[in-house]
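Heads up, the thing below is written out as structure tokens.
The values are calculated or read from the model by the stated rules, or taken from the named source; none is laboratory data. The structure presented is a predicted model; accordingly, all values stated were derived computationally and were not measured. Heads up, the Cβs are rebuilt from the backbone with ideal geometry, glycines too, and the neighbour counts pull from every protein chain shown. To get the accessible areas, we keep the full protein, side chains included, count just its heavy atoms, and leave off ligands, DNA and RNA. Shrake-Rupley method; radii C 1.70, N 1.55, O 1.52, S 1.80 Å.
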Amino acid sequence: WQLSFNLLDTGMALRIALSGFAALIVAMGIGRFAFTPQVPLMIADHQFSLTGAGLVAAINYLGYLCGAYDAMRATRHVERRLWLGVWAAMALTLLSALAQDEWTHGALRFVIGWASGWAMVLVAAWTNERLAHYGRPALSAAVFAGPGAGIFLSGMLAVGINALGLTAAQAWLVYGGLALVLVGGISAFLPRGGELHRPDVAPEPLLLTPALKRLVWSYSLAGFGYILPATFLSQMAAARFPASLFAQFVWPVFGGAAVLGIVIGIVTRHRLTTQTRLAITLWVQALGVLSAEVVPGVAGLALGALLTGGGFLCVVQLALQHGRELAPRHARYMAGLLTTGYAIGQLVGPMLSALSTALTHRLEPALYVAVIALLVAGGLAVNTPARRLAQKTATR
């Protein structure tokens, strides 16, 4: 009997992990980040300029900020938000095929951002809680490979889209079609029946300790630091190496590196403390952004994609894990608070890029600021005394 229960628990845990993984492919990897390989096509189709692309991206991150904040504060219809987040990301990706100017794209990207903010916070909270319940907390890290897998898939689709000479509108239909297949496969397994909201449980108020504040600042700077290469890497490659096959593979390299980073994080999870690993990962990302700018030729962009992409999802997973260590009774609130800070950083990044390209016609000034932000974020993370403060929080 015990063996049967263990096998049942393992099966349930795997189903939850795979469902969360696929949900984040749709909401994040496709819904949010298919925009990156689309930028060169939309500029070529005269839908907007590079400055306009920065503004549209900023509007997307404003929506993400609103969605994350709403998910953090929600006390009713929590599961409905998760469902709507995943389904809306898919449907609006398909609808993007009809958009032809920056204002229409901006409106769509705002709603997609809101939906992905819902999905990111609530999928993380749901999978973390249920996987811990089934005794498989290590699978939580694997869920966060979903956005990277989505970036890789959308990047490989972009290679095929370029080879076939499809328009930006046709490409949106390809991305949306993949999302539709995935959503159809996981809908039956998404949470229901009060899994995400228990009104009879009233957690005590969260006290924002200095350690938690440093973590929020660190994660907010991380969002600002990585978002410029994450938004414009494909466009940088297309501008530097026009008609080059390499330029088309930069984005899938970023996504593949993100998945690989999660795998390395799982393998090394028992080495060093969470905040030390977070700091190292942020500094590696800083090196990646700098490499994309100062290392000449193909090698610079390849290093940028590998190092920045490799740390992308690790930073997300480690920051949320560290938040749970510091405030174990407030997992969903901390996920929402951290994601809100991250979204603010992401919002500022494209606004700075738009200002940089408008004034200097170059992204380089904004990229150097991003490097500094990631270095500072690592410094804030490494100075967070996790174990001592986690013990204090747990005993309050």
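Check P137, P191, P147 and return the single one that is part of a helix (DSSP H, G or I) and under 26 Å from A343 (Cα atoms).
P147
Scan (1) under 20 Å from L338 (Cα atoms); (2) open to solvent by less than 40 Å² (accessible area, probe 1.4 Å); (3) not in a helix (DSSP H, G or I) for the single condition F48 breaks and write down its number.
F48 satisfies all of (1) under 20 Å from L338 (Cα atoms); (2) open to solvent by less than 40 Å² (accessible area, probe 1.4 Å); (3) not in a helix (DSSP H, G or I) except (1).
What are the residues in region 84-107 that are among the hydrophobic types (A, V, I, L, M, F, W, C) and open to solvent by less than 20 Å² (accessible area, probe 1.4 Å), if any?
Within region 84-107, V86, A89, M90, A97, A99 meet the criteria.
Could you check how many residues of region 121-142 are under 17 Å from the mean Cα position of the chain (by Cα) and farther than 18 Å from V78 by Cβ? Quick ask: steps written out before the conclusion?
To start, the set of residues in region 121-142 that are under 17 Å from the mean Cα position of the chain (by Cα) comprises 121-128, 140-142.
Among the residues that remain, those that are also farther than 18 Å from V78 by Cβ are: 140-142.
Number of matching residues: 3.
Can you tell me which residues in region 327-336 are buried (at least 24 other Cβ atoms within 10 Å of the Cβ) and assigned to a helix (DSSP H, G or I)?
M334, A335, G336
Condition check: open to solvent by 50 Å² or more (accessible area, probe 1.4 Å), of a type in the set (V, I, T) and in contact (Cβ under 8 Å) with a residue 40 or more places away in the chain. Does T167 satisfy that?
Judged against the criteria, T167 is a match.
Is it fair to say E195 is modelled with pLDDT under 90, loosely packed, with under 12 Cβ neighbours inside 10 Å, farther than 13 Å from A292 by Cα and not polar (S, T, N, Q)? Outline the logic, then answer.
Working: modelled with pLDDT under 90: yes; loosely packed, with under 12 Cβ neighbours inside 10 Å: no; farther than 13 Å from A292 by Cα: yes; not polar (S, T, N, Q): yes.
It is false that E195 is modelled with pLDDT under 90, loosely packed, with under 12 Cβ neighbours inside 10 Å, farther than 13 Å from A292 by Cα and not polar (S, T, N, Q).
Is it fair to say P229 is modelled with pLDDT under 85, open to solvent by less than 20 Å² (accessible area, probe 1.4 Å) and either outside any helix (DSSP H, G or I) or closer than 21 Å to A145 by Cα (or both)?
Yes; evaluated as a whole, the condition is true for this residue.
Taking region 1-32 as the search range and keeping residues that are assigned to a loop (DSSP other than H, G, I, E, B) and buried (at least 24 other Cβ atoms within 10 Å of the Cβ), which one is modelled with the highest pLDDT? It would help to see each step written out before you state the result.
Initially, region 1-32 is screened for residues assigned to a loop (DSSP other than H, G, I, E, B), giving 1, 31-32.
From the residues that got through so far, the ones that are buried (at least 24 other Cβ atoms within 10 Å of the Cβ) too are 31-32.
Working: G31: 92, R32: 86.
In this case the residue turns out to be G31.
Residues checked against (1) more than 14 Å from G223 (Cβ to Cβ); (2) open to solvent by 40 Å² or more (accessible area, probe 1.4 Å); (3) in contact (Cβ under 8 Å) with a residue 40 or more places away in the chain; (4) among the charged types (D, E, K, R):
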| residue | (1), (2), (3), (4) |
| --- | --- |
| G288 | yes, no, yes, no |
| V298 | yes, yes, yes, no |
| G304 | yes, no, yes, no |
| T308 | no, no, yes, no |
| V316 | no, no, yes, no |
| A319 | no, no, yes, no |
| L347 | no, no, yes, no |
| L355 | yes, yes, no, no |
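Among (1) buried (at least 22 other Cβ atoms within 10 Å of the Cβ); (2) free of Cβ contacts under 8 Å to residues at least 12 places away in the same chain, which single condition is H361 missing?
Going through the list (1) buried (at least 22 other Cβ atoms within 10 Å of the Cβ); (2) free of Cβ contacts under 8 Å to residues at least 12 places away in the same chain, H361 breaks only (1).
If a residue must be more than 24 Å from L173 (Cα to Cα), of a type outside the set (S, T, Y) and touching a Leu at 6+ places or on another chain (Cβ under 6 Å), how many such residues does region 125-156 contain?
5
If H270 meets every condition in (1) in a helix (DSSP H, G or I); (2) over 17 Å from L374 (Cβ atoms) apart from one, which number is that one?
(1)
Where residues in region 279-305 are β-branched (V, I, T) and at pLDDT 90 or above, which of them is nearest to A238 (Cα to Cα)?
In this case the residue turns out to be V289.
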